[in-house]
1. Counting only residues that are of a type in the set (D, E, K, R), at pLDDT 95 or above and over 15 Å from the mean Cα position of the chain (by Cα), give me the helices (runs of 4 or more DSSP H) lying completely in region 135-221 with at least 2 of them.
2. Go through region 161-170 and count every residue that is over 16 Å from residue 198 (Cα atoms), surrounded by 11 or more Cβ atoms within 10 Å (Cβ to Cβ) and among the hydrophobic types (A, V, I, L, M, F, W, C).
3. Checking residue 143 against (1) in contact with a helix residue (DSSP H, G or I) (Cβ under 7 Å, 6 or more places away or on another chain); (2) farther than 19 Å from residue 187 by Cβ; (3) open to solvent by 20 Å² or more (accessible area, probe 1.4 Å), only one condition comes out false. Which one?
4. Which of the following residues is closer than 20 Å to residue 185 by Cβ and either in contact with a Phe, Trp or Tyr (Cβ under 7 Å, 6 or more places away or on another chain) or surrounded by fewer than 18 Cβ atoms within 10 Å (Cβ to Cβ) (or both): 112, 52, 121?
5. Considering only region 19-48, how many residues are open to solvent by 10 Å² or more (accessible area, probe 1.4 Å), within 22 Å of residue 86 (Cα to Cα) and either of a type in the set (Gly, Ala, Ser) or under 15 Å from the mean Cα position of the chain (by Cα) (or both)?
Amino acid sequence: MSVGGSLIVPDQIDTDFLKRFKALITEKVAQGFSFCIITGGGKTCRRYQAAAEEVVPEITQTDLDWVGLNINTYHAKFLRILFGGMAAPVIVEDFSQPVPTGHPIILVGAEAPGHSSDYDAVVMAKLYGAKRLVNLSNIDYVYDSDPRTNPDAKKIEKIIWAEFRKIIPDEFTPGLSSPFDPVAAREAEALGLEVAVINGTKLEEFSNYLDGKPFAGTVIS
């Protein structure tokens, strides 16, 4: 699962979300679930990137990406501490190494420039042989256009990858705001991966998805 940085730090650190998220994951672990959690950078990432561009106008896209990667990795380390003994003692940062086992929760940091935490989540799904991935973000659904600028934007409950890729940018840029990174989308389509986009502030919907119940959100497959 990918947890958007916008949930962890929408403006300030959201301790209410973190408490509820930890409680739900703990409950599901007790039921036999295990989780590989990849964290995003969200607004915090974009603020650092904007500051870097202001100070160094000639900064490269690669360096901007590294700014974001470090925020993603810090968020992963932060969640690992919050989950305590349930989580593997170190986070995954080198995807070429064997993934850890023996703990019901694994936290994953960012690996390399050129894509977002969504892509890292797809890579981990591939390494684990997972067929489903949950993308917790701050939107209820994927829409056919940006609802922030188009009041007539229509929500999408189910969509295939080929159609989904038509409504997102073709290329990844550092700080890109998209329901799912285009690089990750191409890889997920190639793997035949199902991705559920769910509003992380409504954790009951995430719980419903895990339990195979009807839920509010978008399934891309």
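1. 203-210
2. Number of matching residues: 3.
3. (1)
4. None of the other options fit; the residue is 112.
5. 6
The values are calculated or read from the model by the stated rules, or taken from the named source; none is laboratory data. Keep in mind the model is a prediction, meaning the values are calculated, not measured. Here the Cβ is made from the backbone with ideal geometry for all residues, glycine too, and neighbour counts use every protein chain on show. Heads up: the accessible areas ignore ligands, DNA and RNA and are worked out on the full protein's heavy atoms, side chains in. Shrake-Rupley method; radii C 1.70, N 1.55, O 1.52, S 1.80 Å.
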